[in-house]
Amino acid sequence: MHVYLLLVLCVLFWSANFVLGRFVAGAIEPLELAFFRWLGVWLLMLPFLLLHVKRIWAALKSHFGILLLLSALGIASFNTLLYVGLQHTTATNALLINSSIPIIIVFLSSLILKSTISHKQMLGIVLSTLGVVFLVLKGNVMSLHSLSLNPGDFWVIASSLCWASYSVLVKFRPQSLSSMEFFITTVSLGVPMLLPFYVAQGYSLEREIVIITQYTWVIVYVVIFTSILSYYLWHKGIAHIGAYKTGQFTHLMPLFGSFLAYIFLGERLEWYHLGGVVLIFGGIYLCLHVTKKGIVRH
């Protein structure tokens with residue numbers, strides 16, 4: 001139960017990140033925010049990196065391939081692709097695509113980790129996914145036919161594939177590294193990957209100083225809560241209950257996002273929010289409730 005509460009907190013932090021993203025839209029470009037975020041994490045954790053540099057260097061020499069892949073998926077690509085996609089698609093489309101992450105994780109876990117899943121847990125996935133769809137479409141499921149794909153959706157799809165792949169493949173990370181050592185290692189590899197794309201945008205030094213000064217609190221939040229704390233809690237969940245179960249908690253994001261928008265952005269709560277709550281929590285309960293006849297093996 002303790003790890004479930006930590007995962008709820010993790011998703012709450014990520015949901016607040018979406019609200020902040022909407023708040024600073026037009027002021028900070030997606031690539032800027034992604035670069036400031038991970039550079040800030042790296043600078044904040046630099047003393048920790050220096051204290052553990054020998055063990056990290058040893059892991060890099062013997063496991064460079066998997067560390068580079070995980071860094072590319074979880075640090076350099078996931079959020080950057082999502083931020084780019086959100087510039088060209090609607091929030092509705094993005095949330096619907098994002099709700100496919102648990103399903104992709106189940107598929108990849110079965111393919112790569114040879115995991116099995118019970119019928120009850122599959123029902124839970126379907127139920128919680130329907131809850132997300134119900135919530136995002138504001139209870140009007142008939143409006144599904146009016147949705148259409150646009151170029152931004154493909155960026156969001158790529159982002160979802162990156163995070164689902166990362167969540168499954170993280171099982172193969174070097175066990176010689178602690179969770180925090182692994183995290184700072186992937187960040188140290190991810191920042192140089194983002195750097196050429198950031199430099200290519202040609203931002204002026206004066207512009208960046210103004211943005212950092214005006215939005216210091218936003219950058220501090222995404223560095224500490226959205227990055228360091230959330231990634232730690234997510235990995236803790238995967239380590240304790242596996243990628244499949246951990247992935248189901250992403251269905252809470254649109255739910256938390258709605259309530260946070262109500263509190264901070266003045267948006268209204270409607271009847272369909274309650275319907276979404278019932279379906280999402282019911283589905284997550286079924287996914288987490290493992291009987292002796294339907295145990296997920298990892």
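The values are calculated or read from the model by the stated rules, or taken from the named source; none is laboratory data. Quick caveat: nothing in here was measured; it's all calculated off a predicted structure. All Cβ positions, even for glycine, are placed from backbone atoms using ideal geometry, and neighbour counts span all protein chains on display. The accessibility values were calculated without ligands, DNA or RNA, using every heavy atom of the protein model including side chains. Shrake-Rupley method; radii C 1.70, N 1.55, O 1.52, S 1.80 Å.
For the reader, a short list of remarks on this structure follows.
- From most to least packed by mean Cβ count within 10 Å, the peptides 194-203, 171-180, 104-113 give 104-113, 171-180, 194-203.
- Potential extension, Leu44-Lys171 segment - 0.36 nm per residue separation minus Cα distance: 43.1 nm
- FRET efficiency estimate (nearest 0.05) - Cβ-Cβ, Phe259 to Ser179, R0 22 angstrom: 0.15
- Accessible-area order (highest first, 1.4 angstrom probe) of the listed residues Tyr244, Tyr221, Tyr232: Tyr232, Tyr221, Tyr244
- Here the extension length gained between Phe154 and Gln214 equals 18.4 nm, from 0.36 nm per residue of separation less the Cα-Cα distance.
- Length released on extending from Gln201 to Lys114, taking residue separation times 0.36 nm less the Cα-Cα span: 27.1 nm
- Shown is the FRET efficiency for Leu6 and Ala58, computed with R0 = 35 Å from the Cβ-Cβ distance and rounded to the nearest 0.05: 0.75.
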